[in-house]
Amino acid sequence: MKSWLPSKFTTFPTLMVMVLLLLFSNLCFPVFNMATASNIESQGRALLQWKATLETQELLDTWTSQTSPCNWTGITCRYNGHHMTTITKVQLGELGLEGKLETLNFSALPSLRVLELDDNHIQGYIPAAISALSKLTILGLSDNNLTGSIPSELGNLTRLKSLWLSQNQISGSIPLSFGKLLNLNWLTISSNFLVGSIPPVFGNLTKLNFLYLWRNNLTGSIPWEIGNLVNLRDLGISDNQITGPIPQNIRNLTKLETFYLYNNSLNDSIPCEIGNLVNLRGLEISDNQITGPIPNSIGNLTKLETFYLYDNSINGSIPNEIGNLANLRDLEISDNQITGPIPHSIGNLTKLETFFLFNNSINGFVPREIGHLVNLKEFDVSSNNIRGSIPVDIGNLTELSWLNLYDNQLYGSIPSHIGNLLKLETFSLQDNNINGSIPCDIGNLVNLIDLKISDNQITGPIPHSIGNLTKLETFYLFSNNINGSIPPSLGSLKNLAHLYLNNNHLSGMLPNKMANLTNLIDLALFDNNLFGNLPPDLAKGGLLQYLSLNQNNFQGPIPISLKNSTKLVRVRLDGNQFTGDVSQSFGAHPHLYYIDLSFNKLSGNLSPSWGACPNLTSLKISNNRINGQIPWEIIHLPKLQLLDISSNNMVGKIPRKFDKLSYIFQLNMSNNHLTGTIPPELGRLSLLEVLDLSSKQSERRNTNTVGELH
């Protein structure tokens, strides 16, 4: 074994060197250890003092004086240039810490390079003393509860590369001192309450890659100096109050990949220089006041995947160059003033998934090339002036889940190829000039939730295959020329909530299977030629709110299930031949505000339960065979505005307390067999406009008395 002692061959000079080394070791190494301990201990002491001010100290249970700070949660140490251990990183994001920054002694952490406290519950203000961290390269304080303004002293942290202050409650303006942060490549101060303008000194930050200022209250225009940020990749200024034009020198930002300006007050036209941004993947300028046409240079942006221009005042036609954007997935230019046709070049956008053009003045036809967009999931060109027929090529769009063509001038029939769209969930074709019959292939659309083909000229019957659409919740077929009977298969649509078949030429009886529609909220069958008895359990689901069966030839009793339908809001059964005792048909309906049972053959008495409908504003039961007295409980209807019980067989006196109906403006009790005098309390109804108590026996007397009410 070799020994560290000198051998007999060791010379004197060698021995002296060894002695000096031993002395140096004994004298200097302890000094080094003491200095290291002193440095790390002072830093640890500062952090422990800050921990003591937190309301969630238990989240930092490894922070104790018994262990080295280098072993604490979120702490990173390293040797500095003097071979001393020092804390260089404090990374405590997403721990749920609650406390304040101003209680931390920043001057005790001179070597700190990273301070990350994102996604906690830090409150209070950002202290100016944070500028003592002169070596800091990353400062992350996003997603906290910080208030107050940004201290100008942050501009002294000239080594900063990343500054994250988003998702706080910071107010005030952006400090001009930020113009000194020349090494910054990431700045996010979005989702705060910042005011004032974007400082032109931002033009100094030429290393910046990411600039996020969205969701503040910033005003003024986009500074011209923004064109100096030639390394910028993401620029987000959306959800502010920025005005003025998009500066032309954005042409310099050729590395830009996302450019988000939506929800501001930008005006003027889109500059042609936008075509220089050949690396753009996302361009969103929606919800502004942009005018003028879409520039042809947009065709240069061949990497573009998202293009939003909706809610502006853009005019002109869609440039043919739009077909160059072969990587486009989402194209939304709705709610503008765009004219002209959809260009045939749209067929080149084979990756397109969303295509929204609604609420414009688009004319021409739906191009057959639309059938090339085999990845399309949402297609909405509603509320335009598009004419012509629906191209059969639309049957190629087998990924489509949303198809809105309503409010145009389309004609021709619904192509049977529509049955290929097996993923379709919404199909809206209302307000066009579509004719022909509904194709049986519509029964293939088993994922359909909303089917709206009302206000057209569709003829023929409702196909039995409609019963296959078991996910259907909304079915609008009103205002067409549909004939034939309602198919029993309709009763299979157990998820149906809104059924509108009114204003057609439907005939026959209502299928008993309609009682299976227990999720119905709206049922409108008025203005048809339907007849026969209604299914007794028509409203057994208890969800029915709007029932309109008026102007048909229904007969028999009113379904007893309506009596327990406590969610009824509006009921119209007038203009039929219903019979039976009206007192047994309805109960207490707390949400009912309108009911019309006029022009039927109903008999029995008016039930006192009408007084248990506190929201009722209109009660119309005229031209029936109702007898008995007017129930005094009607005076408990504080919102009643119209009461018409005329042309019945009612007897007895007019209740004296009718003056409690203070909102009533029309009261018609004519053509009954009422007796007694007219209560003087009626004279207190200050809103009353129409009062009719006439009859053959008392017409003259009633007319004179009405005169006394004015």
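Once the Cα atoms are used to define both axes, helix 12-51 deviates from the longest principal axis of the chain by about 20 degrees.
Can you tell which of Ala588, Pro655, Gly388 lies farthest toward the positive end of the dipole of the chain, using +1 and -1 charges on the Cβ of basic and acidic side chains (Lys, Arg; Asp, Glu)? Most positive-ward Cα: Ala588. Post the alpha-carbon centroid distance, the range 82-135 to the range 538-616, in whole angstrom. Between the Cα centre of the range 82-135 and that of the range 538-616, the gap is 70 Å.
Listed by chain and number, the lysines whose alpha-carbon sits under 18 Å from that of Lys100, ignoring those within fewer than 8 places in the same chain, are Lys51.
On the beta carbon distance between Asn145 and Lys207, with R0 = 25 Å, the FRET formula returns roughly 0.25. Labels on offer are (i) 430; (ii) 463; (iii) 274, and the one holding volume of the Cα convex hull per residue in Å³ computed from this structure is (iii).
Karplus-derived 3J(HN,Hα) values for the range 520-537, using 6.51 cos²θ - 1.76 cosθ + 1.60 with θ = phi - 60°, are 4, 10, 10, 9, 10, 10, 5, 6, 9, 10, 6, 8, x, 6, 7, x, x, 9 Hz; glycine and proline are entered as x.
Taking square-rooted eigenvalues a ≥ b ≥ c of the alpha carbon gyration tensor, is the range 456-609 rounded, prolate or oblate, where a/c under 1.5 means rounded and, failing that, a/b exceeding b/c means prolate? List each step's numbers first, then the result.
Details: a/c = 1.95, a/b = 1.45, b/c = 1.34.
Cα axes put the range 456-609 in the prolate bin.
The P(r) of the range 44-100 has a tail past 19 Å containing 28 percent of all C-alpha pairs. Partners of Lys423 within straight-line reach, counting aspartates and glutamates whose Cα lies under 12 Å from its Cα and excluding those fewer than 8 residues away in the same chain: Glu378, Glu399.
State whether the range 197-284 is rounded, prolate or oblate according to the following rule on the C-alpha gyration tensor (a ≥ b ≥ c being the square roots of its eigenvalues): a/c under 1.5 gives rounded; otherwise a/b larger than b/c gives prolate, and the remaining case gives oblate. Rounded, since a/c falls under 1.5.
So what is Rg over Rh here for the range 269-332, counting just Cα atoms and using Kirkwood for Rh? The partial results should precede the final answer.
Working: Rg = 10.7 Å, Rh = 11.6 Å.
Computed over Cα atoms, the ratio is 0.92.
Relative to its residue count, the range 222-328 spans a Cα convex hull of 76 Å³ per residue. Taking a ≥ b ≥ c as the square roots of the eigenvalues of the alpha-carbon gyration tensor, the range 46-152 is classed oblate because a/c is 1.5 or more while a/b is no larger than b/c. Per-residue 3J(HN,Hα) values for the range 565-575, derived from phi via the Karplus relation 6.51 cos²θ - 1.76 cosθ + 1.60 with θ = phi - 60°, read 7, 6, 9, 4, 10, 9, 9, 10, 10, 5, x Hz in sequence order (x marks Gly and Pro). Angle check, please: helix 699-708 long axis (alpha carbons) against the longest principal axis of the chain (alpha carbons), in degrees 0 to 90, nearest 10. Roughly 40 degrees, rounded to the nearest 10.
Given a 1.4 Å probe, how much area per residue of the chain is accessible, in Å²?
Numbers: 30420 Å² over 710 residues.
Normalised by residue count, the accessible surface of the chain is 43 Å².
Applying a threshold of 29 Å to the alpha-carbon distances of Lys471/Lys639; Lys567/Lys639; Lys494/Lys620; Lys207/Lys303 flags Lys471/Lys639; Lys494/Lys620 as lying beyond it. For the chain, relative contact order (Cα pairs under 8 Å, six or more residues apart, normalised by length) works out to 3 percent.
Find the Cα radius of gyration of the range 156-309, compare it with 2.2 N^0.38 Å by division, and give the number to two decimals.
Values: Rg = 14.7 Å, N = 154, 2.2 N^0.38 = 14.9 Å.
Compared with the compact-globule rule of thumb, the range 156-309 sits at 0.99.
Of Trp186, Leu256, Leu667, which is farthest on the positive side of the dipole of the chain, counting Cα position, with +1 on Lys and Arg Cβ, -1 on Asp and Glu Cβ, and the Cα centre as origin? The residue sitting farthest along the positive end of the dipole is Trp186.
Write down the percent of antiparallel bridges among all DSSP beta bridges whose residues are both part of the chain, to the nearest 5. Let's see the in-between values first.
Working: 5 of 111 bridges.
Antiparallel bridges: around 5 percent, rounded to the nearest 5.
Per residue, the chain reaches -2500 deg cm²/dmol at 222 nm when only DSSP H runs of four or more residues are counted, each adding -39500 (n - 2.57). By accessible area, using a 1.4 Å probe on protein heavy atoms only, the chain has 50% of its surface on carbon and sulfur. Of all aspartates and glutamates in the structure, the ones whose alpha carbon falls short of 15 Å from that of Lys135, not counting any fewer than 8 places away in one chain, are Glu116, Glu153. Residue order by solvent-accessible surface for Arg368, Arg113 is Arg368, Arg113, largest first, with ligands and nucleic acids left out and a 1.4 Å probe.
The values are calculated or read from the model by the stated rules, or taken from the named source; none is laboratory data. On a predicted model such as this, the values are computed, not experimentally measured, just so you know. Every residue, glycine among them, receives a Cβ derived from its backbone with ideal geometry; neighbour counts consider all protein chains shown. Accessible surface is based on the protein model in full, side chains and every heavy atom, while ligands, DNA and RNA are left aside. Shrake-Rupley method; radii C 1.70, N 1.55, O 1.52, S 1.80 Å.
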